[in-house]
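See structure below.
The values are calculated or read from the model by the stated rules, or taken from the named source; none is laboratory data. Only a predicted model underlies this, so the values are computations on that prediction, with no experimental measurement involved. Every residue, glycine among them, receives a Cβ derived from its backbone with ideal geometry; neighbour counts consider all protein chains shown. SASA here: full protein model, heavy atoms, side chains in, ligands and nucleic acids out. Shrake-Rupley method; radii C 1.70, N 1.55, O 1.52, S 1.80 Å.
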Amino acid sequence: MRYKMIVSYDGSFFHGFQRQKNDVSVQEVLEEKLTEILKTNIVVHASGRTDAGVHAIGQVIHFDSSQYVPVLNLKKILNKKVYPHIYITSAEMVDESFHSRKSARLKEYHYFFHDRIDLSKIREAMEYIVGTHDFRSFSKNKTISSCIRTITKFDLIIKDGILEFVIIGSGFMYNMVRIIIALMLKVGEGKLQPSDIGKIIEGKQRRLAPYVAPAGGLYLWKVYYQ
């Protein structure tokens, strides 16, 4: 039987989602508590990794178990065990063809920031990010065969002095969202021009974009499926 859950967590308390050897991760906590509840070894699969310090509102996980527990009961019991830094927002049974990562079509991230910067230039720079591009300059990993990704939406919302970046795409490489946000903030500070973003994309070299925004402002907001 396959269970699907939507999970939120405060990334400040974890060294990322993926299980680590010497640090506490979200995956480790979920697997340990689910194994305890279901009395069988549980392996949790997520829609994707989040880095150390990155939060989630809508992380999607799935796991298999021969043990059946009504999903509402399982959600309630699990939430008591992972409180207060992890919260299961929904739980359901799904067909075994569903895979939290492989079935994902789009991912949505939000980044929150507070500062006085040039919003008009940022909006101009954001236009260079939307579309299908080779984002080689936005990845440290030199072994990735293809850095081509499609960004379907990139918005900026301002409310009560808080800047909220909303970015949706087909997939994101390690630190890619934080690198994009860091570049937008450099444009807002006047340290880069909007047109520089296009040149950085065309350059396909990581050294052209050596900035990474702090993890604490980033949230995995939602994962879209067919």
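Side notes on the structure shown:
- Heavy-atom accessible area order for Glu32, Glu202, Glu108, largest first, 1.4 Å probe: Glu202, Glu32, Glu108
- Positive dipole terminus of segment 1-69, leading residue within Leu30, Ser8, His45 (C-beta point charges): His45
- Against the chain, whose longest principal axis comes from its Cα atoms, helix 176-188 is set at around 30 degrees.
- Heavy-atom surface of segment 47-158, accessible at 1.4 Å and reported per residue (Å²): 55 Å²
- In terms of overall dimensions, the chain has a Cα radius of gyration and Dmax of 18.8, 57 angstrom.
- For segment 1-79 versus segment 105-134, the inter-centroid distance based on Cα atoms is 30 Å.
- Highest-MSF residue in the chain out of Gly131, Gly58, Gly48 [GNM, Cα springs under 10 Å]: Gly131
- Separation in nanometres of the label points that stand 7 Å from Cα toward Cβ, at Gln20 and His45: 2.5 nm
- Share antiparallel - DSSP beta bridges, the chain, percent rounded to 5: 95 percent
- This model, with +1 at the C-beta of Lys and Arg and -1 at the C-beta of Asp and Glu, gives segment 158-226 a dipole about its Cα centre of some 240 debye.
- C-alpha long axis of helix 119-129 to longest principal axis of the chain, angle in °: 70 degrees
- Largest-first ordering by accessible area, 1.4 Å probe, given options Tyr3, Tyr224: Tyr224, Tyr3
- The mean sequence separation of alpha-carbon pairs under 8 Å and at least six residues apart, normalised by the residue count of segment 107-226, gives a relative contact order of 40 percent.
- Entry note, segment 1-123: relative contact order of 36 percent, from Cα contacts under 8 Å with a spacing of 6+ residues.
- Per-residue ellipticity at 222 nm, computed for the chain from helices alone with -39500 (n - 2.57) per DSSP H run of at least four residues, works out to -8000 deg cm²/dmol.
- Taking Cα atoms only, the orientation of helix 194-203 departs from the longest principal axis of the chain by about 70 degrees.
- By accessible area, using a 1.4 Å probe on protein heavy atoms only, the chain has 49% of its surface on carbon and sulfur.
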